[in-house]
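Colleague: Sending over a structure as structure tokens; questions will come in a sec.
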Amino acid sequence: MRQTPWLAATTFVGTVAVLLAVHTSGGASSEPDREAARMLDPGGPVLFVTPPSGQPGDRIQYHATNLPTCGGPWSVEFGDRVLGETRQVGSVADFRASVPNRGVRGFQVAGLRCGPIPSMVVQTTFEVLPVTRTTEPTTTWLLPPPPELPTRTKRPTPTITTTTAPADAER
């Protein structure tokens with residue numbers, strides 16, 4: 001069987017990952033349908049980064065399934081940066097990270113690379129969105145007026161008024 005080069009990339013449509021495989025050689029493959037089926041095999045390693053896009057500083061989650069046995073830690077890569085390491089449990093590996101603050105906007109390659117076998121890589125794409133200023137709603141607290149404080153005032157002096165009856169009223 002003749003080997004033919006393929007270019008494969010994973011992209012996201014909503015919350016569904018789509019693996020795109022493109023034949024890159026000029027000639028026809030001896031078994032194009034079989035090779036395409038092998039490239040799109042759901043049993044192969046798959047990496048999901050959720051959410052599939054975000055701004056620098058946003059939290060993201062790497063989740064890889066169907067990983068081959070690495071025998072060591074997996075390097076977590078984002079673009080040209082290594083964000084850390086993770087170990088697989090069975091055929092699964094998880095890693096939490098943040099979108100790097102410095103870097104290129106647009107689509108970046110996110111991936112896991114086996115430390116002992118650097119050619120063993122599983123990758124997907126992540127879209128770095130430009131930073132937008134969000135106008136956070138401001139909360140205005142309307143406080144009741146403060147209670148009136150007692151003040152020292154002089155008590156008014158009582159006024160005594162007396163009325164006298166006219167003299168002829170007594171008669």
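Colleague: Out of (1) open to solvent by 40 Å² or more (accessible area, probe 1.4 Å); (2) closer than 18 Å to Pro52 by Cβ; (3) out of contact with any Asp or Glu (no Cβ under 9 Å at 6 or more places or on another chain); (4) of a type in the set (D, E, K, R), what's the single condition that is false for Glu77?
Modeller: Condition not satisfied by Glu77: (1).
Colleague: When you scan region 48-97, how many residues do you find that are among the hydrophobic types (A, V, I, L, M, F, W, C), in contact with a strand residue (DSSP E or B) (Cβ under 6 Å, 6 or more places away or on another chain) and over 13 Å from Gly111 (Cα atoms)?
Modeller: The number of residues fulfilling the criteria is 2.
Colleague: If I go through region 82-93 residue by residue, how many of them are assigned to a strand (DSSP E or B) and exposed (fewer than 12 other Cβ atoms within 10 Å of the Cβ)? Full working, then the answer.
Modeller: First, pick out the residues of region 82-93 that are assigned to a strand (DSSP E or B): 82-86, 89, 92-93.
Pick out the ones that are also exposed (fewer than 12 other Cβ atoms within 10 Å of the Cβ) and you get 82, 89, 92.
The qualifying residues number 3.
Colleague: Would you pick out the residues in region 40-68 that are among the charged types (D, E, K, R) and either without any contact (Cβ under 8 Å) to a residue 24 or more places away in the chain or buried (at least 16 other Cβ atoms within 10 Å of the Cβ) (or both)? Give the steps one after another, and end with the answer.
Modeller: Within region 40-68, the first condition is being among the charged types (D, E, K, R), and the residues that meet it are 41, 58-59.
The answer is Asp41, and nothing else.
Colleague: Please list, ordered by first then second residue, the pairs with beta carbon atoms under 9 Å, 6 or more apart or interchain, first in region 69-81 and basic (Lys, Arg), second modelled with pLDDT under 95.
Modeller: From residues that are basic (Lys, Arg), the pairs are Arg81/Pro100; Arg81/Arg102; Arg81/Gly103.
Colleague: On the given criteria, is Arg96 part of a strand (DSSP E or B), closer than 23 Å to Val131 by Cα, basic (Lys, Arg) and under 22 Å from the mean Cα position of the chain (by Cα)?
Modeller: Working: part of a strand (DSSP E or B): yes; closer than 23 Å to Val131 by Cα: yes; basic (Lys, Arg): yes; under 22 Å from the mean Cα position of the chain (by Cα): yes.
Judged against the criteria, Arg96 is a match.
The values are calculated or read from the model by the stated rules, or taken from the named source; none is laboratory data. Computed from a predicted model, the values in this text were never measured in an experiment. Because the Cβ atoms are built from the backbone with ideal geometry, glycine has one as well, and the counts that use them run over all protein chains shown. When the accessible area is computed, the model is the full protein with side chains, heavy atoms only, and any ligands, DNA or RNA have been set aside. Shrake-Rupley method; radii C 1.70, N 1.55, O 1.52, S 1.80 Å.
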